[in-house]
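Structure record follows, encoded as structure tokens.
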Amino acid sequence: MQINSPKFKDNARIALADANLQQALGNLKAGFPGKRAAAIGRLPEFDALRDQAQDIKNHVIENLDFYLETFESKVQDNGGHVHWASSSEDACQTILDICQSVGARTVTKGKSMVTEEIGLNDFLEKHSVTPVETDLGEYILQLREDHPSHIIAPAIHLNLSDVSEIFAEKHGTEAKHQPEELMQEARDVLRDHFVAADVGITGANFYVPETGSTIIVTNEGNGDLTQTLPKVHIVVTSIEKCVPTLEDLSLFMRLLSRSATGQECTVYNTLSSGPRQPGDQDGPEQFHVVLVDNGRSSMVGDDLQDMLRCIRCSACMNHCPVYSQIGGHAYGWVYPGPMGSVLTPKMIGIHDAGHLPNASTFCGKCESVCPVRIPLPKLMRSWRETQHQQQASPAIGRMAIGGWAWLARHPRLYKLGSSIAIKAMSIMAGNKGRLKSLPVGRGWTLWRDLPAPQGSSFQQQWKQQQNKGDKS
Amino acid sequence: MSVSPYLQVPQQPPHKPRVALFITCLVDSMRPSVGFATIKLLEAAGCHVEVPDLQTCCGQPAYNSGAKQDTQKLARLNIKKFADYDYVVAPSGSCIGMLHQYPDLFEKNSKDYKQAQELAGRAWEITSFLTDVLQYQPAPTQQSMTITYHDSCAGLRELGIHQQPRQLLERIDKLQINEMAEADTCCGFGGTFCIKFPDISNRMVSNKTDNAEASRAQLLVGGDLGCLMNMAGKLKRQGSHMQTRHVTEILANMLDIPAIGEGENTPLRPTNSDLGYEV
């Protein structure tokens, strides 16, 4: 996927002026957070479950090698294959090799952010394998040659007329305007693809070493048709998506659905544990799991390790006051919002993703809703520290902060400097109590007035009062 | 940004504690009246208040800009400056929140780390200190006004401050609190964020002032001057009549001083209900 993160500020400006997008984001804001709060209100032990989940994930990360190898041998015992992919290129090539080994021409796909991350669709198309997205949102995006703007509601940036137009154009049908009609049309088109596909590719919300299973949770059932009908099922997932046992899985399912959509339980929860066994009525003949690393193993033991707990629920972006103003595309790559602002610099480099960890007020809402308690602001700050150390942040800002911090350590000079600034601002404000413009900090006065200082500083006034008191 | 582990409430409220006022750089330079209001409240609650000399800043702008070493140096200065007091109290959840993060700046179990933990254990935001630590019950007063309260992020999510200011305000007779929608959503200030990302910040503060105005309160109140200056600046730019004040000014009954961003002390706009609007 093309990287647009360096243009974050321009992207954001365009997004803020896009009335359709703003309307769509309003729907998001009105939907997910309220549903999540209601679902959690009905689960008093939610916080205790979060603590457990955090502990389990920390344990998994510290023993990841053991769990990965256990998972591999279990999958093999079940008759499946595990493929290790250290990079996006490796992963794409592995998947293509499997497709070509069975002469696949079309593959159906369930929703998977990891396949977005590795750029699978473009790669397959280049090699004459046609991928067909079957999640309704992803399908719409594929027709539009668009990309997800949200990790669980990929087409959240579109409205009804966008869908109506693209269906009429690409399906060659009369434009339909009712959501039900559009859904039926997509269903009709997709049924043929499900039946015709040579290979089905899905992601996995989790994998379970205990049984060698992967699991997908969906609300449309498209994932089940994707993985059950073709002769070959390829699961593409990343190495950190491990929960050790089925018992643990049930805990994470409770957290995931509530944190994501506010559902007690997602509609379809499907475990895959290998290819069709003798006596099975259906299922694929081949079962492959591609385990993608793509930089994750290097996060074990570094400042970003906590990020490996992420279960991709999207609660952080659903509650983010920045995401909810600008949407996901502004972030310029696959993963948007707070979790993306931590992950994206790791995956595309801090040089290109430099704005992302800075585009946060550190309001802390993301961390407060995270089901696995990832300290997202702390991780974004750690990127800022990296930028500062590498002198990758803008020089003017760095000098200003450095100069200010030096002054703050020299209180007498600081006092002198601040009294001059106070005086200047007071003179500029006159008797209005506020300033309309400033020679520095134009970002402030562009959109709002600056309340003027009251006069001399508190410490100066306090000292004067104390001196008076001493004399009397 | 989870709630600080250092908020240990003593079992018995201390008798006449020696309290250092941490004035904070913004209150010091922009709105000293908040400092005087804070002292007035602390003294009314039975504290002996001192103002350690030559204070500057908690270091949060450096910390959030990635300048960790600069922050460490400032933290060490503040740890020393506020060492000899029973408590350190500031009229800001954000700056006290920063003091509670000082331990994270240092190697675990180092001398600095332990001193930072010790300081964090004594550092309180004013409304939380009055209610949680001192269990202070202000004498009943009367102020006829309708306010709406903005929960600043750091106070709310790092120090658990939500009920405390409301509890104190509710003791004022004829003061009505109209809660606004999304009171706990960031106002878009975010320190340097509002300068680095002015367009996004502007949309966030516009949402905030829209919600505040929709509450039909006369006065927007909060506990952090950065947020209040941001919101007041937006309200004034929009030509709103809504006034903005720090919570301590109301609790200390210091309403003769012009509200934030006002040149003079103008009377509160009549509530919308007085104007015959539907409420």
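The values are calculated or read from the model by the stated rules, or taken from the named source; none is laboratory data. These figures come from a predicted structure and were not determined experimentally. Cβ atoms come from the backbone with ideal geometry, glycine included; neighbour counts cover every protein chain shown.
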(request) Quick one: count up the residues across the range A:412-431 that are at pLDDT 90 or above, at the interface with chain B (Cβ under 9 Å from one of its Cβ atoms) and surrounded by fewer than 18 Cβ atoms within 10 Å (Cβ to Cβ). (result) 3
(request) Could you tell me whether residue B:29 is assigned to a helix (DSSP H, G or I), within 9 Å of chain A (Cβ to nearest Cβ) and in contact with a Ser or Thr (Cβ under 6 Å, 6 or more places away or on another chain)? (result) yes
(request) For the range A:432-461, enumerate the residues that are more than 7 Å from chain B (Cβ to nearest Cβ), out of contact with any Ser or Thr (no Cβ under 8 Å at 6 or more places or on another chain) and within 17 Å of residue B:237 (Cα to Cα). (result) A:442
(message) Kindly evaluate residue A:312 against the criterion of being touching a residue at least 40 places away in the same chain (Cβ under 8 Å), at positive phi, within 14 Å of another protein chain (Cβ to nearest Cβ) and outside any strand (DSSP E or B).
(response) no
(message) It is to be established whether one or more residues within the range B:42-54 are modelled with pLDDT under 95 and at the interface with another protein chain (Cβ under 7 Å from one of its Cβ atoms).
(response) yes
(request) Kindly list the number of the only condition in (1) farther than 22 Å from residue A:308 by Cβ; (2) surrounded by 19 or more Cβ atoms within 10 Å (Cβ to Cβ); (3) without any contact (Cβ under 8 Å) to a residue 24 or more places away in the chain that fails for residue A:354. (result) (3)
(message) Being crowded, with 24+ Cβ neighbours inside 10 Å and in a loop (DSSP other than H, G, I, E, B) is the filter here; which residues of the range B:189-243 pass it?
(response) B:189, B:190, B:197, B:217, B:223, B:224
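Results for (1) farther than 22 Å from residue B:20 by Cα; (2) crowded, with 16+ Cβ neighbours inside 10 Å; (3) in contact with a Phe, Trp or Tyr (Cβ under 7 Å, 6 or more places away or on another chain), shown as yes or no for each residue.
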residue	(1), (2), (3)
B:105	yes, yes, no
B:108	yes, no, no
B:119	no, yes, yes
B:141	yes, no, no
(request) Evaluate the following for residue A:368: is it of a type outside the set (A, V, I, L, M, F, W, C), under 17 Å from the mean Cα position of the chain (by Cα), within 9 Å of chain B (Cβ to nearest Cβ) and surrounded by 24 or more Cβ atoms within 10 Å (Cβ to Cβ)? (result) no
(request) Could you grab me the full set of residues in the range A:226-242 that are polar (S, T, N, Q) and free of Cβ contacts under 8 Å to residues at least 60 places away in the same chain? (result) A:228
(request) Test residue A:305 against the stated conditions and say whether it is under 19 Å from the mean Cα position of the chain (by Cα) and over 17 Å from residue A:215 (Cα atoms). (result) yes
(request) Quick one: in the range B:55-69, of everything that is more than 7 Å from every other protein chain (Cβ to nearest Cβ) and assigned to a helix (DSSP H, G or I), which residue is nearest to residue B:24 (Cα to Cα)? (result) B:60
(request) Could you please find all residues in the range B:151-188 being of a type in the set (D, E, K, R) and part of a loop (DSSP other than H, G, I, E, B)? (result) B:151, B:170, B:171, B:179, B:182, B:184
(message) Can you pull out every residue in the range B:70-120 that is assigned to a helix (DSSP H, G or I), within 14 Å of chain A (Cβ to nearest Cβ) and hydrophobic (A, V, I, L, M, F, W, C)?
(response) B:74, B:75, B:77, B:79, B:95, B:98, B:105
